[in-house]
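Only one structure is covered here, and it is reproduced in the block below.
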Amino acid sequence: MRKMMAAGLLALCGMLACAPARADWVPAFKGNDTGGIIAYTLAREADARLIAVQHCASYGKVVKFLAVDAQYGGYLSFACRWVPYGANERPLRTRY
């Protein structure tokens, strides 16, 4: 009985060791009404400022860039804020 359990455990460990690891997929751009992140690879290829401005303008807010992790796998983060005091005009609202 012990030999059967040991053989079964060994076979299970062998199958798990040979199976490929599956990492979760993360989109290149993700955000909500408080802000978001843009993958650094996308920021190098596209206009990251325009992407962030359009995203925040869809909520009626302005963008403030927070940080850039300039390496492979890094992100550019931004916050969406209400229009500052003293601003006469609301930001443009994009509609698709």
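Since every read-out is calculated from the coordinates, none of them should be taken as a lab result. Not measured: the values here are computed from a predicted model. Here the Cβ positions follow ideal geometry from the backbone for every residue, glycine too, while neighbour counts run over all protein chains shown.
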Fill in: In segment 1-72, trypsin sites (Lys or Arg not before Pro) in a DSSP loop with at most 11 other beta-carbon atoms within 10 Å
22
Item to complete: Calculate the spin-label point distance for residue 81 paired with residue 24, positioning each point 7 Å from the Cα along the beta-carbon direction, and give it in nanometres.
Response: 3.0 nm
Worksheet item: At residue 70 and residue 49, where each label point lies 7 Å from the Cα along Cα→Cβ, what is the point-to-point distance in nanometres?
Response: 1.5 nm
Discussion item. Restricting to DSSP loop positions (anything but H, G, I, E, B) with no more than 16 other Cβ atoms inside 10 Å of their own Cβ, which chymotrypsin sites (Phe, Trp or Tyr not before Pro) remain in segment 5-56?
Written reply: 25
Response to the item:
Interchain or sequence-distant (5+) residues whose placed amide H lies within less than 5 Å of the amide H of residue 75 are 40, 69
Item to complete: Apply the Karplus parameterisation 6.51 cos²θ - 1.76 cosθ + 1.60, with θ equal to phi minus 60°, to every residue of segment 37-48 and state each ³J(HN,Hα) to the nearest whole Hz, in sequence, with x for glycine and proline.
Response: 9, 10, 4, 5, 5, 5, 5, 6, 8, 10, 7, 5
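How much length is gained if the chain between residue 5 and residue 42 is pulled fully straight, taking 0.36 nm per residue apart and subtracting their Cα-Cα distance, in nm to one decimal? Please report the intermediate quantities before stating the final value.
On the way: separation 37, 0.36 × 37 = 13.32 nm, distance 5.01 nm.
Residue separation times 0.36 nm, minus the Cα-Cα distance, leaves 8.3 nm.
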